[in-house]
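Step one of this worksheet: look at the structure below.
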Amino acid sequence: MQTLAGKKILLGISGGIAAYKCAELTRRLIERGAEVQVVMTHAAKEFITPLTMQAVSGKPVSDSLLDPAAEASMGHIELAKWADLVLLAPATADLIARTAAGMGNDLLTTLILATDSPVAVSPAMNQQMYRNVATQENIATLERRGMHIWGPAAGEQACGDVGPGRMLEPMQLVERCEQFFADKPLKGQSVVITAGPTREAIDPVRYISNHSSGKMGFALAQAAYQLGAEVTLIAGPVSLATPYGVKRIDVNSAQSMYDVAMQLASKSDVFIGCAAVADYRPATVAEQKIKKTDDSDQMTITMVKNPDIIAAVAALSENRPFTVGFAAETQEVESYARGKLVNKRLDLICANDVSVAGQGFNSNDNAITLYWKEGKQSLTLASKQQIAHQVMMTVAEKLDA
Ligand code: PMT
């Protein structure tokens, strides 16, 4: 999706090892419709060549303040005015220090001084350099001046150290840019979303679950945040990173998901049940691992019903949020989905046909139809991120209506 269509991003690259990731970053930004103009410091050129950046950005790279030819085409003041966003990535300790000091001793720092566009800084350096009080004070100075500080991440570093100072990954920076530019029709709304499967214990080592990966629910959380909402994600056991800006509460069983949901639902404006909640759980959980007996080929587990989370939320008599359910169906999708809409007293239901390969459970794409009392809207096969964006836009419209 062209989430950055027409946005002009001036990418300022300084001399850190993470500079090699800027080719990927640029490609992903352009893929989403952004125009990217690259400016490099002299040290940056030791890590990635201007030719590479020119090839991926499709524009000549600027690297010198005192280059008459470059100044004649797009001078540094024009460049500074051109940008909708100046993104400094990687921003080394040196670039951050020079920016904090207000220096203009190369093209990049001059542009930073000359722009009145928003500036985002993605620090990247050795963990000890990052922790150094000078760097910390410089970053605080930039933040106080209204610059956005994106990162750093913590982890293993190129030098072998472990700690904070890694530049955010290209896709994380793309996500920050999307969030930065997105319209915010959900501003001021608080949204709670359940995602992923639940696990219903049989004994200490076994459980009953399903194939939900959490991707659809996590994409909804990301989209809701990008549209300005305050988002809490109640996540079943999944192995996905938390979307930026989203508060996450991990749960395991349907009962624990119910408990957290009921604490939060009446404080929220919108509640979305995307989780594949187990309808039943074993009536008892064995305290010890159940042992196989030689003389028995069968095992019987008695199951009891779990609470219906979304129905309980929709039945709240006070402070009831706008309630959106999902329906995972394998046949008669519309009639089953409409049945759930009515029986669970939902405002909106998103039905997906999970019998079709390449959509639904554990896939990257989905196709859904939204049903509400008086109408429906079909969203054809697209990435879960795109589907999530459209679902959240529809929710925003319905809240507004
Ligand atoms: O996680 P992914 O791999 O990305 O897959 C996405 C998905 C297929 C899981 C998702 O798109 C989806 O369809 N989620 C709902 C799955 C489901 O359990 O559907 P259902 O028809 O059984 O339940 C209907 C609604 O009741 C759902 O909103 C469900 O969250 C809710 N429910 C169900 C049972 C229960 N005890 N409590 C509930 O709240």
Checklist entry - Exactly one of (1) assigned to a helix (DSSP H, G or I); (2) open to solvent by 10 Å² or more (accessible area, probe 1.4 Å) is unmet by Cys159. Its number? => result (1)
Checklist outcome for this item: If you go through Ala43, Ala55, Ala18, the only one that is among the hydrophobic types (A, V, I, L, M, F, W, C), closer than 22 Å to Asp106 by Cβ and over 24 Å from the mean Cα position of the chain (by Cα) is Ala43
Next on the checklist: Looking only at region 225-245, how many residues end up being within 29 Å of Thr302 (Cβ to Cβ) and either open to solvent by less than 20 Å² (accessible area, probe 1.4 Å) or touching a helix residue (DSSP H, G or I) at 6+ places or on another chain (Cβ under 8 Å) (or both)?
Outcome noted: 4
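Per-residue answers, yes or no, for (1) under 26 Å from the mean Cα position of the chain (by Cα); (2) open to solvent by 20 Å² or more (accessible area, probe 1.4 Å); (3) within 19 Å of Ala261 (Cα to Cα):
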position	(1), (2), (3)
Thr323	yes, no, yes
Ala328	yes, yes, no
Val333	no, yes, no
Arg338	no, yes, no
Ala357	yes, yes, no
Gly360	yes, no, no
Checklist outcome for this item: Those residues of region 357-401 which are more than 11 Å from the ligand (Cβ to nearest atom) and of a type in the set (Phe, Trp, Tyr) amount to Tyr371, Trp372
Item to check | Unmet criterion (only one of (1) more than 27 Å from the chain's Cα centre (by Cα); (2) open to solvent by less than 60 Å² (accessible area, probe 1.4 Å); (3) more than 7 Å from the ligand (Cβ to nearest atom); (4) without any contact (Cβ under 8 Å) to a residue 60 or more places away in the chain) for Lys344 | outcome: (3)
Item to check | Every pair of residues 6+ apart whose Cβ atoms lie under 8 Å, when the first sits in region 147-171 and is polar (S, T, N, Q) while the second is in a loop (DSSP other than H, G, I, E, B) | outcome: Gln157/Asn126
Checklist entry - Could you list, in sequence order, the residues of region 242-258 that are within 12 Å of the ligand (Cβ to nearest atom) and aliphatic (A, V, I, L, M)? => result Ala254, Met257
Item to check | Scan of region 217-243 for residues that are part of a strand (DSSP E or B) and of a type in the set (A, V, I, L, M, F, W, C), ordered by number | outcome: Val231, Leu233, Ile234, Ala235
Item to check | Matching residues in region 169-224 - criterion: being within 11 Å of the ligand (Cβ to nearest atom) and open to solvent by 50 Å² or more (accessible area, probe 1.4 Å) | outcome: Asn210, His211, Lys215
Item to check | Top-ranked residue of region 375-401 - restricted to ones that are surrounded by fewer than 17 Cβ atoms within 10 Å (Cβ to Cβ) and part of a strand (DSSP E or B), ranked as nearest to the chain's Cα centre (by Cα) | outcome: Ser383
Checklist entry - So how many residues does region 302-321 have that are within 12 Å of the ligand (Cβ to nearest atom), surrounded by 14 or more Cβ atoms within 10 Å (Cβ to Cβ) and aliphatic (A, V, I, L, M)? => result 6
Checklist outcome for this item: Within region 30-48, the residues that are crowded, with 16+ Cβ neighbours inside 10 Å, outside any helix (DSSP H, G or I) and in contact (Cβ under 8 Å) with a residue 40 or more places away in the chain are Arg32, Ala34, Gln37, Val39, Met40, Thr41
Checklist entry - With respect to the numbered conditions (1) open to solvent by 30 Å² or more (accessible area, probe 1.4 Å); (2) touching a helix residue (DSSP H, G or I) at 6+ places or on another chain (Cβ under 8 Å); (3) closer than 27 Å to Met171 by Cβ, which one is the sole condition not fulfilled by Trp372? => result (3)
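For every residue, the table says whether it meets (1) within 30 Å of Ile17 (Cβ to Cβ); (2) in contact with a Pro (Cβ under 8 Å, 6 or more places away or on another chain); (3) not acidic (Asp, Glu).
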| site | (1), (2), (3) |
| --- | --- |
| Met171 | yes, no, yes |
| Gln179 | yes, no, yes |
| Asp183 | no, no, no |
| Gly196 | no, yes, yes |
| Asp203 | no, no, no |
| Asn210 | no, yes, yes |
Item to check | Every residue from region 87-137 that is touching a residue at least 12 places away in the same chain (Cβ under 8 Å), of a type in the set (S, T, N, Q), in a helix (DSSP H, G or I) and farther than 23 Å from His76 by Cβ | outcome: Gln127, Gln128, Thr135
Checklist entry - For region 355-374, what are the residues that are assigned to a strand (DSSP E or B), in contact (Cβ under 8 Å) with a residue 24 or more places away in the chain and of a type outside the set (A, V, I, L, M, F, W, C)? => result Asn366, Thr369, Tyr371
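The values are calculated or read from the model by the stated rules, or taken from the named source; none is laboratory data. Since we're looking at a predicted model, the values are computed, not measured. A quick note on method: Cβ atoms are made from the backbone with ideal geometry, for glycine too, and the neighbour counts reach across all protein chains shown. Accessible surface areas use protein heavy atoms only, side chains included; no ligands, DNA or RNA. Shrake-Rupley method; radii C 1.70, N 1.55, O 1.52, S 1.80 Å.
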